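Read the figures in this text as sums done on the coordinates, not as results from a lab. If you're wondering where the values come from, they're calculated on a predicted model, not measured in any experiment. Counting neighbours? That spans all protein chains shown, and the Cβs are built from the backbone with ideal geometry, glycine included.
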Amino acid sequence: MILCCGEALIDMIPEPTVAGGEGFVPHVGGAVFNTAVGLGRLGTQVGLLSGVSTDQFGARLETHLRESHVDTSALVRSARPTTMAFVQLEDGHASYTFYDENTAGRMMASADVAPIGEEVEALFFGGISLAVEPCANTYADVLQREGARRVVMIDPNIRPGFIRDVSRYRARLDRMFAQADVVKVSDEDLSWLMPDVAGFEARAQKLLQKGPAFVIVTCGSKGAQGFLTSGEQVAVPAQPATVVDTVGAGDTFNSGVLARLSELGALRKDRISSLSPENARDALLFGAKVAAVTVARAGANPPWARELA
């Protein structure tokens, strides 16, 4: 099983109203939630570790997880409210305004998290949950406690406007990158992480030196590139798609990459450290294929395996 660790929230997505104005419609979401849903729909055994409210939105999140074949036994339930993300769309590209004070997800503490069972072969961390405390420290603690014998993938999915203490955030990410086997970032994330390093490839190589065996950089319509500790690189194009919006595109890409690595038997410490360029490229190609379906429809709506046949 892959255990996805991070936020589950409600995306408030703008839609026209019958009166002619614009309103917001609630959709289940969150970067890590979307990746878990994507994995479940692809037929990969997956669970979600997240703080989830007992309110109506939390119930909606849990129902959606179960309908997408995601194990919910690791959810930490509380009566605190659900995080809200109001989405703005410009030419199909999404930006976000978060409302996250005192929420079930943000306030999840290390003591709330039960030991992780041996059935979990890999851990995935990411999203805004790595930027806000106390939950950011909770996920860092889970990685420290449970990551040494499991494959670890991280996608920080950086939202600069959401970060209150940049130095603490950077330091936390560096510690987590050092414990990771796979790190995926967008080209924008990479520029934010290393503004003083000139050049795309130099930045990727510096991130590789922080500890992971496989660094993935997504570049929107230009596709994705992978960098291995062997020094070899792979690149794949973006798959053709009529873009409706980009909500959940990167999250779904992650689910495709993890699903294919699992199929290849690569989600073991000894195998991920010597991942071949052929298998790396195969995983990126499948991630791009899965993401192309998501961007062709509104909101974060990852495809089922049958849709990719």
Amide proton proximity set for Cys5, modelled H, under 5 Å, gap of 5+: Leu49, Phe124, Phe125, Gly126
Karplus-derived 3J(HN,Hα), 6.51/-1.76/1.60, for each residue of the range 178-188, Hz, glycine and proline x: 5, 9, 8, 9, 10, 10, 10, 9, 7, 4, 5
Dipole of the chain [Lys/Arg +1, Asp/Glu -1 at C-beta], most positive-end residue of Gly21, Thr252, Ala59: Thr252
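Below 8 Å, C-alpha to C-alpha, sequence gap of six or more: please give me the relative contact order for the chain in percent. Each step should come with its number before you reach the end.
Values: 679 pairs, mean separation 52.2, N = 309.
The value is 17 percent.
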Long-range HN-HN contacts of Asp71 with modeled amide H, under 5 Å: Val46, Gly47, Leu48
Residue of Leu123, Leu75, Leu89 that the Gaussian network model of the chain assigns the largest fluctuation, springs spanning Cα pairs under 10 Å: Leu89
Charge tally in the Cβ shell below 12 Å around Asn34, where Lys, Arg are +1 and Asp, Glu are -1, Asn34 excluded: -3
Volume per residue of the C-alpha convex hull in the range 2-304, rounded to whole Å³: 124
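Over the range 213-294, what is the relative contact order in whole percent, taking alpha-carbon pairs under 8 Å and six or more residues apart?
Details: 118 pairs, mean separation 30.5, N = 82.
Value for the range 213-294: 37 percent.
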Ordering of 259-269, 128-138, 158-168 by packing [mean C-beta count within 10 Å, highest first]: 128-138, 259-269, 158-168
Arg306 paired with Glu133, simple spin-label distance in nm, labels 7 Å along Cα-to-beta-carbon: 4.8
Highest to lowest packing among 244-255, 215-226, scored as the average C-beta count within 10 Å: 244-255, 215-226
Shape of the range 133-277, Cα gyration tensor, a/c cut at 1.5: rounded
Sequence-distant lysines (8 or more away, or on other chains) whose Cα lies within less than 27 Å of Lys269: Lys184, Lys206, Lys210, Lys289
Environment charge of Ile116, counting only residues whose C-beta is closer than 15 Å and scoring Lys/Arg +1, Asp/Glu -1: -4
Size of charge dipole - the range 2-304 - debye, nearest 20, with Cβ of Lys, Arg +1 and Asp, Glu -1, no other charges: 520
Within-11-Å neighbourhood charge of Arg203 [Cβ basis; K, R +1; D, E -1]: -3
Long-range amide H partners of Val52 with built H, under 5 Å: Val76, Arg77, Ser78
